[in-house]
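All of the numbers you see were taken from the coordinates with simple rules; none came from a lab. No experiment lies behind these values; they were computed from the predicted model shown. Neighbour counts run over all protein chains shown; Cβ positions are idealised from the backbone, glycine included.
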Amino acid sequence: MDLLWQGLVNGILLGGLYALMALGLALVWGVLNIVNLSHGAFIMLGGYACYYLFSGLGIDPFVAMPISMAALFAFGYLLQRHLINLVIRAPMFNTLLLTFGLDVVLTYSAQIAFSADFRTINPSYAGAHFTWLGATVPLVRLIAFAIAIALTLLLWLFLGRTKLGRAIRATAQNLVAARLYGVEPRSIYALTFAIGAALAGGAGALYGVVSQLNPYIGVSLTAKSFVIAIIGGLESPLGVIAGGMILGLVESMTSLYIGPTYTDVASFGILVLVLIVRPTGLFGRTT
Amino acid sequence: MEPILSVRRLTKRFAGLTALSDVSFELGRGEILGLIGPNGAGKTTLVNLVSGAFRASEGELVFEGAPIGALPPHRRAKLGIGRTFQIMRPFPGLTVLDNVAVGALFGTGGGHRQLAIARELAQQKLEFVGLAHRADRPAEALGGPDRKRLELAKALAMNPRLLLLDEVMAGLNLAELEAVIAIIRKVRDEGVSVLVIEHVMKAIRSLSDRLLVLHHGEKIAEGEPQRVLSDPTVVEAYLGRRRGADEEHPR
Amino acid sequence: MKRPLARAGIVAAIVVLAGIPWLASPSIVQFGINMLLLAALAQGWNIIGGYTGYASFGNSVFYGLGSYGTAIAMLRWHLPFGVGLALGAVIAIAFAALFGRAVLRLRGHYFAICTLGLAQVMTAIVSNLEITGRNTGLVLPLLRGDVLFYELSLSLVVVATLIVAWIARSRFGYGLIAIRENEEAAAAMGVDTTRYKVLAFSLSAAISALAGGIHAYWITFIDPVSAFDIGLNVKMIIVTVFGGPGSVLGPVLGAFVLSAISEVLSTEISTVAGLFFGAVIVVAVVFMPRGVADLIRRFDKYRWRYFAENVRANRL
């Protein structure tokens, strides 16, 4: 029973982080119809940014996180505005290919710049943990969870309640109509992409604290983000939270009861099943 | 003589919206039936149901004596139902000729097996609609009126027995309109039955043997063009849109 | 290939290629085998991705099934290589036919992602099964002499290309192209889209599986990660898109050119080579999205404006 409870706790804590990881991908995909295969590389870069701020300047990782996010925001804005924009009216496949090429460039650049060594962000309180109803809860995982959920809810509020957020959603619906409202699509596109990159950067910072960084984590993080985005649907950040939780729990339970080598079978198996049975995700619209 | 198409109590519901409600009619062999009604009346939905793009929520469709409601679109095409699309859909990567050849390769009865024959047939259809001079251009290079002719040629290449035309006349000038009307008449003279959706009133009035009027998904009138167009219910259905609603100027 | 001169040229090229093992060093022969297998894989992908328009990440699954089918047939059941190859192909085709109907219902990137997911699942499953040797993999019997494998690979490329050439001017091919360009219109015109897609997928699977089987016997060792390597799928896509998807010779050209460049570069640092590759892809997608084949075809007419035109047409 204790094992089950620990598994549940692990799964939920992981789920929160997963949700934040996938959020940027889902946003850019749902709003701009851009499938960003370099999304995982953004996460990786955010992690490294935070790592160097921490190990180089001694800034606490949770404080460095907003700085990482800001850096990725700028990076994402410029990238979209001046590169990805160039293929946006071509068939979707071209964007896939472009972001794929980008992923390769970013990964190998990171390898050259940072070397392939595994790195962890280890603040002094990294080992701290407490017990809750019999389950061990590492402090950093709890903080990461809290920040991840908070950011996701912030995005949800931003998209739903602010003028800019609604402008973004309007542009997603109808490019022409958005123009009529005085919204400049190129800026909105770049802005949305930048937000997605910033979210990825934030997830990367958290990831660096709870797990290990190296230049090659991008691909599998992108893959995981896909699974989450598809399960949760592209409609709303709340769906992404659900998707993240589901994946986190599935991985945790599979690892516990079947074996750690089967987690990939479970997570990608769910992806395949969801796509075949309900391509719009568990929470998307049916039409 | 048995009608080529019998539609009985056809109904289509989308989530929360009833697009078509309890529509019944028959299309006789070699007849041109005009389908009219204000925007959103359900005309394209009806065509989609007949061609198989949508499945009906209720009702029956009988084509040449056999029920087709459960058949997917390609099977209906093989039986002889051809259609054009309102939002024109050429195959962009192919030439005009090859676009039409697809219709000849896969149409009624499974089409033709041999590419060479299909391309010859396609050439003939292009001449029929007056597009032969553009046969080797990429399809996406065509302008609006030419695209409509291409749509028509593609559907004709299938050698259909029932032709469903969805607004092939919008945006045409007077000369182009007369050309299209002549083509449709020629098609009918070769034994094809035609169901035409149109907004251009003058054209559809002179072209159709009978008219069918839809409004809010329901059939509100059916019969001879003259009689239908002076039917007060029909006039009222259009009245909400503009004054003098039985004359629409070609755009 | 209408022009007899071009046709003669191609035959000559094949003859030259076939003769290489007797003229060149062993390392070149090895490079040749890898390049030829990549070209074959690219052609296989071309059928489902280039002509039908369904960007599959599942071809690495078929490659893996071919590898493992051949390996298991030879190791566990002591069957000859030819039979093993055939078995691998049959397994792959069965897989494609079985899963194809469900998976091919998905459009665009959903299809791509689903096949990606399938690839991951297969890797993970195979890592856990006894018959496939779990994580440690399988070791095949050794056959000395690269020449056989070279000529086999060349034959596969030729056969695959002939198949694609046939597709390009057949009723089947027109149906596939129609599906790619506008699936709904294709169905309305009488194309049995499901059947055609599954057929294309199965054909693609067979070619990939044969390549996998040849490769497995050649290097005598396979394990789940390398057999179902998604990187290989990515390579075949890049090479095809670079060379010209939906064309007959594009994938082969792409495979040859990019393999050569990669070989030259990897004598340098492999990271820089990787970086270069990524940059090439980015530049190619922006300036020549329809591949080398299209560039060759249109350059005469447009010259340098070709590149600017592509950008202007596709940007916001």
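Summary of values
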| read-out | value |
| --- | --- |
| Listed residues A:88, A:228, A:67, most fluctuating in chain A (Gaussian network, C-alpha, under 10 Å) | A:88 |
| GNM flexibility winner over chain B from B:17, B:115, B:142 (Cα, springs under 10 Å) | B:17 |
| Peptide B:89-100 - average C-beta neighbours from other chains (10 Å radius) | 4 |
| C-alpha long axis of helix A:139-161 to longest principal axis of chain A, angle in ° | 20 degrees |
| Longest DSSP-loop-exposure-free segment, trypsin sites (Lys or Arg not before Pro), chain A, at most 14 other Cβ within 10 Å | A:90-284 |
| Cα-centred dipole magnitude for chain A, charges only on beta-carbon of K, R (+1) and D, E (-1), debye, nearest 20 | 920 debye |
| Semi-axis lengths, Å, the range C:129-189, gyration tensor of Cα atoms, sqrt of 5 times eigenvalues | 39, 22, 6 |
| On Cα atoms only, tilt of A:237-257 relative to the major axis of chain A in degrees | 30 degrees |
| Those trypsin sites (Lys or Arg not before Pro) in the range B:61-118 that DSSP places in a loop and that have at most 14 other beta carbons within 10 Å | B:113 |
| Candidates A:154, A:106, A:13: whichever shows maximal mean-square fluctuation once chain A is modelled as a Gaussian network with Cα springs under 10 Å | A:154 |
| By average C-beta atoms within 10 angstrom, highest first, the peptides C:296-306, B:48-58 | B:48-58, C:296-306 |
| About the Cα centre, charge dipole magnitude for the protein assembly as shown (Lys/Arg +1, Asp/Glu -1 at Cβ), debye | 1220 debye |
| Cα-based shape type of the range A:2-277, given that a ≥ b ≥ c are square roots of the gyration tensor eigenvalues and the cut on a/c is 1.5 | prolate |
| Dipole of the protein assembly as shown, positive end: most advanced residue of A:265, C:60, A:147 [Cβ charges, Cα centre] | C:60 |
| Longest site-free stretch - chain C; sites: GluC sites (Glu not before Pro), DSSP loop, at most 13 other Cβ within 10 Å | C:131-267 |
| FRET E, pair residue C:139, residue C:22, Förster distance 41 Å, beta-carbon r, rounded to 0.05 | 0.90 |
| Under 22 Å from residue B:219, Cα to Cα: lysines that are on another chain or at least 8 residues apart | B:12, B:43, B:202 |
| Inter-chain Cβ neighbour average for residues A:110-116, partner chain, 10 Å | 2 |
| Residues C:235, B:202, sorted so that the one with the fewest Cβ neighbours within 10 Å comes first | B:202, C:235 |
| Gyration tensor (alpha-carbon) shape descriptor, the range B:116-156, a/c threshold 1.5 | prolate |
| Rg(Cα) / (2.2 N^0.38 Å) computed for the range A:99-205, rounded to two decimals | 1.51 |
| Ellipsoid equivalent to chain B - semi-axes via the Cα gyration tensor, in Å | 29, 22, 16 |
| The protein assembly as shown - Rg over Rh from alpha carbon coordinates, Kirkwood radius | 1.00 |
| For peptides A:187-199, B:31-43, sequence by mean Cβ density within 10 Å, most packed first | A:187-199, B:31-43 |
| Rounded to 10°, Cα long-axis angle of helix A:163-173 versus longest principal axis of chain A | 70 degrees |
| Within chain B, helix-based [θ] at 222 nm, where runs of 4 or more DSSP H residues each add -39,500 (n - 2.57), nearest 500 | -11000 deg cm²/dmol |
| Prolate/oblate/rounded call for the range A:197-287, Cα gyration tensor, a/c under 1.5 rounded | oblate |
| Euclidean distance of C-alpha centroids, the range C:73-149 and the range C:182-257, integer Å | 14 Å |
| DSSP H segments from chain C that extend 30 Å or more along their own axis, Cα-based, with Kyte-Doolittle mean of 0.0 or above | C:81-103, C:108-128, C:146-168, C:193-219 |
| Sum of side-chain charges, residue B:129 neighbourhood, beta-carbon under 14 Å (Lys, Arg +1; Asp, Glu -1) | +2 |
| Cross-link table B:125/C:301; B:78/C:197; C:235/C:301; B:78/B:148, entries beyond 26 Å C-alpha to C-alpha | B:125/C:301; C:235/C:301 |
| Loop sites in the range C:76-182: chymotrypsin sites (Phe, Trp or Tyr not before Pro), DSSP, at most 16 other Cβ within 10 Å | C:77 |
| Test item: C:301-313 mean partner chain Cβ contacts at 10 Å | 1 |
| Test item: Cα-centred dipole of the range C:140-250, Lys/Arg +1 and Asp/Glu -1 on Cβ, debye | 200 debye |
| Rg/Rg_globular for the range B:90-160, with Rg_globular taken as 2.2 N^0.38 Å and Rg from C-alpha atoms | 0.96 |
| Long-range Cα-Cα pairs in the range C:27-230 (distance over 31 Å), rounded percent | 18 percent |
